[in-house]
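The values are calculated or read from the model by the stated rules, or taken from the named source; none is laboratory data. Nothing here was measured: the structure is a model prediction, and the numbers come from that model. So basically every Cβ, Gly included, is an ideal-geometry build from the backbone, and we count neighbours across all protein chains shown. Each accessible area value is taken on the protein alone, full model and side chains, heavy atoms only, with ligands, DNA and RNA left out. Shrake-Rupley method; radii C 1.70, N 1.55, O 1.52, S 1.80 Å.
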Amino acid sequence: MTRRCWFLPQTPDVLGLLRAQVAVTIQGLDAFAAWAGGDTAAAAMVRDAEHRGDVAKRALLGALRAAFVTPLEPEDVFALSRNVDWILDYARDLVSESEVMACAPDAVIAEMAGLLGEAVREINHALNHLATDDDAATAAADAAIQAERRLERAYYNGMGALLGVQDRSERIARRELYRRCTRIGELVIDVAERVVYAVVKQN
């Protein structure tokens, strides 16, 4: 009699790979905050992190294609990975635009950069609790959103202060850089709300 053995395909650690991508994003935002605080050499670190983030995203998407089952729906994993990737893309673009416009970051950008790093750390906490502790994951996602709300207040304060800047070129350049920061903040909101949505679908 012939005995047949059936084996399920290996299940890659999709959530672990997503957390690895977020870890690279945190490193990139730490470099972004250092750059915003006046460390011009940190611009290269932002660009390096953006490249490593792309590598991490590709590894995750490869694992997602190979996975037989995943702790979250593939659509949610893909959306989370894509928006996390865009966070670093936008940070790199902001650095490049600042350099092209010869407009160095100021205290407002430094404050917003710090809040972005805080928000993504909360997203990391949320991902650490996904599929294990729904309440903790939701609370961390909410904390990320609250950090982004503080970023919005910093943005409005900065925009108000620009009314006192006499140099028109500087005023326009800073306004664009401030707006770029808020667009990164919008991505943070998208990621945090996707985490909450993933939790809701599990229940």
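Just a few scattered comments:
- Accessible surface of segment 78-194 [probe 1.4 Å, protein heavy atoms]: carbon and sulfur percent: 47
- Å² of accessible area per residue within segment 15-155, as computed with a 1.4 Å probe and no ligands counted: 42
- Taking max minus min of the alpha-carbon positions on each principal axis, segment 54-138 gives extents of 50, 29, 15 Å, largest first.
- Each Lys and Arg contributes +1 and each Asp and Glu -1, all at the Cβ; summed about the Cα centre of segment 130-203, the dipole is approximately 520 debye.
- Rough spin-label spacing in nm, given labels placed 7 Å along Cα→Cβ, for I172 and D39: 3.3
- Here the chain is assigned +1 on the Cβ of each Lys and Arg and -1 on the Cβ of each Asp and Glu. Its dipole about the Cα centre then comes out at about 520 debye.
- Per-residue ellipticity at 222 nm from helix content only, as computed over the chain with -39500 (n - 2.57) for each DSSP H run of at least four residues, stands at -28500 deg cm²/dmol.
- A simple count of charges around E176, restricted to other residues whose Cβ falls under 15 Å of its Cβ and scoring Lys, Arg +1 and Asp, Glu -1, yields +1.
- Taking the square roots of five times each eigenvalue of the Cα gyration tensor of segment 72-187, the equivalent ellipsoid has semi-axes of 31, 15, 9 Å, listed largest first.
- Contour excess over end-to-end distance, with Cα ends at N157 and F78 and 0.36 nm allotted per residue: 24.9 nm
- At full extension, D48 and A107 could sit 18.8 nm farther apart than now, given 0.36 nm per residue minus the alpha carbon distance.
- Kirkwood hydrodynamic radius (C-alpha pairs) into Stokes-Einstein, segment 1-150, 10 °C and 1.306 mPa s, D in µm²/s: 95
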